[in-house]
């Protein structure tokens, strides 16, 4: 009981400071330790298969991205996954999968290469269409140019998928 009062007092102080020292009596702020904001009436989500439409195609990337986004939403929200027609719907396509030299060393050879993955996503909140959006997300990872992409691709794409799912989550659920 005392701990709850202390936590509540601490949250009021943090809210006060975050609002620039302005106090609004009667206003409440909703916090979540997972970063998810409260979405009124939302109980389910659907992540439709995200096809790869990039010029250069990694044959596993579509399924990996779809699975990674489903896993992140399952892990960090209390929403249930539906195959279709969820309260929240995520659909999109991979539009870019590109490797380019980055850091050049003596002799005009690359010291590092950069793999960039670009995804065009559409988010639909069937409980509040004011929150719907279509956005493009891009993430990259630099790796030593002495390595072939095929040798480091699993590690590199894993890092990129984590960044992409974080960005998509933050744009939709966390409303950042």
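Please treat every number below as a calculation from the coordinates, not as lab data. For clarity, every value in this text was computed on a predicted model and none was experimentally measured.
How much length, in nm to one decimal, is gained on full extension between residue 128 and residue 95, taken as 0.36 nm per residue of separation minus their Cα-Cα distance?
Values: separation 33, 0.36 × 33 = 11.88 nm, distance 2.76 nm.
The residue 128-residue 95 span can extend by a further 9.1 nm.
How long are the semi-axes of the equivalent ellipsoid of the range 41-172, defined as square roots of 5 times the Cα gyration tensor eigenvalues? Whole Å, largest first. Mind showing how you got there, number by number?
Values: eigenvalues 215, 34, 29 Å².
In descending order the semi-axes read 33, 13, 12 Å.
Grab the Cα-Cα distance for residue 55 and residue 144, subtract it from 0.36 nm times how many residues apart they are, and report the gain in nm with one decimal.
Working: separation 89, 0.36 × 89 = 32.04 nm, distance 2.30 nm.
Taking 0.36 nm per residue and subtracting the Cα distance, the gain is 29.7 nm.
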